[in-house]
């Protein structure tokens with residue numbers, strides 16, 4: 001306890017620095033892979049994707065990141081053993097941020113889209129084991145995360161396959177793609193409006209309008225989302241009907257015009273997903289940071305929730321933006337170009353499938369990674385064109401990076417923890 005009183009300010013400053021590094025890693029890796037489909041399909045240039053993501057990720061993180069966050073992300077460890085030794089908890093949380101931030105920097109440099117959630121969870125497991133023992137870890141939750149490596153990409157991949165094949169069947173494989181695009185694209189717009197509204201209500205606005213969001217029943221949330229989807233479809237149909245498209249043009253030109261319509265849909269999808277992602281995943285960086293600040297300010301008391309100091313959310317939001325702008329291109333290239341060739345219609349199928357998987361997961365309590373959700377969706381779109389359409393070498397590297405993330409985070413956290421305790425204790 002003397003350590004918290006003696007070095008309290010220094011520990012808060014150190015936690016702020018490594019929290020920023022962790023947020024930087026989230027921007028470089030997680031946000032980059034979320035925008036990769038838009039860039040790979042050429043719906044957006046890299047510069048446009050970065051600007052859009054910066055605006056909506058910052059807005060999501062700052063406006064909807066929440067005023068209170070769980071002390072221990074995902075409830076992966078029990079805080080009970082740390083009640084009498086809060087200094088070990090503080091050092092452990094700082095070690096976790098160092099470990100997860102380091103791993104994300106390495107993965108981003110290599111172009112590997114890994115899970116930021118699994119990075120911080122692995123790091124927290126590592127410090128818990130080395131500090132108070134493995135009994136503090138909720139191994140059932142860890143097994144759920146491991147199971148999600150298969151379930152999440154499989155679910156989003158199947159959904160992406162179905163969405164893409166339906167577009168092929170009802171629009172691209174017809175004798176008049178423009179005619180059928182005008183008929184069916186509003187349906188896809190309604191579906192996108194419905195799913196993205198649910199994502200925003202359940203993930204993006206739960207902190208901004210907490211009372212409203214909490215008071216909504218599941219049925220009411222679905223009704224609101226359905227209404228928004230219907231409005232989006234009506235507006236979309238109005239504008240598509242007024243597009244100056246030559247229905248007599250040759251098929252390749254008609255395909256290009258249809259792809260332009262899907263490109264607009266992709267941009268809207270990407271904006272909504274960026275906002276929801278910023279609101280949800282900023283907690284991976286600010287959760288441990290808020291826990292450190294809260295424990296030090298409360299003289300060593302470890303609560304289940306930590307009230308955020310005024311400077312923590314802007315720090316996390318700014319860190320995400322910096323990571324994306326300075327280091328995001330490598331992961332964007334992997335998602336957008338490395339796995340399979342994407343067009344706007346394929347990219348839209350992948351993004352809509354990823355958003356749908358997030359909705360399903362939030363409704364069922366399935367532990368998911370947004371990274372694995374999107375990668376699975378891109379794989380599903382690629383498989384719709386045959387196994388030869390996939391770059392299996394890139395897929396292999398991605399899967400290996402997923403498996404390595406938990407132990408890498410744990411190992412780096414153990415090293416960081418041992419170094420910090422040697423210095424401070």
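The values are calculated or read from the model by the stated rules, or taken from the named source; none is laboratory data. Owing to the predicted nature of the structure, the values given are computational and were not obtained by experimental measurement. Neighbour counts are summed over all protein chains in view; Cβ atoms, including those assigned to glycine, are modelled from backbone coordinates with ideal geometry.
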Study note, to complete from the structure: The one condition residue 411 fails out of (1) in a helix (DSSP H, G or I); (2) crowded, with 20+ Cβ neighbours inside 10 Å is (2)
Exercise for review: Have a look at 282, 293 and point out the one that is more than 20 Å from the chain's Cα centre (by Cα) and closer than 18 Å to residue 17 by Cβ.
Suggested key: 293
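Being in a helix (DSSP H, G or I) and surrounded by fewer than 24 Cβ atoms within 10 Å (Cβ to Cβ) is the filter; apply it to segment 21-47 and report the residue that is modelled with the lowest pLDDT. Explain how you work it out, then say what you get.
From segment 21-47, those in a helix (DSSP H, G or I) are 21-40, 46-47; that's our starting set.
Okay, now just the ones that are also surrounded by fewer than 24 Cβ atoms within 10 Å (Cβ to Cβ), so 21, 46-47.
Numbers: 21: 95, 46: 83, 47: 86.
Top of the filtered list is 46.
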Practice item. Taking residue 142 as the residue in question, decide whether it is closer than 30 Å to residue 94 by Cβ and touching a helix residue (DSSP H, G or I) at 6+ places or on another chain (Cβ under 6 Å). Key: no
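Taking the residues in segment 332-345 that are under 10 Å from residue 38 (Cα atoms) and more than 15 Å from the chain's Cα centre (by Cα) as candidates, determine which candidate is surrounded by the most Cβ atoms within 10 Å (Cβ to Cβ).
Within segment 332-345, the subset under 10 Å from residue 38 (Cα atoms) is 332, 335-336, 342-344.
From what is left, the residues that are more than 15 Å from the chain's Cα centre (by Cα) are 336, 342-344.
Values: 336: 28, 342: 26, 343: 22, 344: 23.
Among them, the one singled out is 336.
Among 335, 235, which is the only one that is under 17 Å from residue 25 (Cα atoms) and at pLDDT 85 or above?
Working: 235 fails: under 17 Å from residue 25 (Cα atoms).
That would be 335, the only listed residue that is under 17 Å from residue 25 (Cα atoms) and at pLDDT 85 or above.
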Exercise for review: Would you tally the residues in segment 359-378 being more than 16 Å from residue 144 (Cβ to Cβ) and crowded, with 24+ Cβ neighbours inside 10 Å?
Suggested key: 7
Exercise for review: For segment 132-175, name all the residues that are modelled with pLDDT of 90 or more and crowded, with 19+ Cβ neighbours inside 10 Å.
Suggested key: 153, 155, 156, 157, 159, 160, 161, 163, 164, 167, 171
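Need at least 2 residues that are over 27 Å from residue 377 (Cα atoms) and in contact with a strand residue (DSSP E or B) (Cβ under 7 Å, 6 or more places away or on another chain) per element, so show me which helices (runs of 4 or more DSSP H) inside segment 69-183 make the cut, counting only ones lying wholly within it. Break it down stepwise before answering.
Numbers: elements: 86-110, 116-131, 139-167.
The helices (runs of 4 or more DSSP H) meeting that bar are 116-131.
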Exercise for review: Spot the failing condition for residue 329; the list is (1) within 18 Å of the chain's Cα centre (by Cα); (2) surrounded by fewer than 24 Cβ atoms within 10 Å (Cβ to Cβ); (3) within 30 Å of residue 87 (Cβ to Cβ), and only one is missed.
Suggested key: (3)
Practice item. Kindly check whether there is at least one residue in segment 221-232 that is loosely packed, with under 14 Cβ neighbours inside 10 Å and at pLDDT below 80. Key: no
Study note, to complete from the structure: Checked pairs for segment 285-311, first on the phi > 0 side of the Ramachandran plot and without any contact (Cβ under 8 Å) to a residue 24 or more places away in the chain, second surrounded by fewer than 24 Cβ atoms within 10 Å (Cβ to Cβ) and part of a loop (DSSP other than H, G, I, E, B), C-beta under 6 Å and 6 or more apart or across chains, list as none
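Assess whether residue 18 counts as being more than 12 Å from the chain's Cα centre (by Cα) and in a helix (DSSP H, G or I). Steps first, answer last, please.
Working: more than 12 Å from the chain's Cα centre (by Cα): yes; in a helix (DSSP H, G or I): yes.
Yes.
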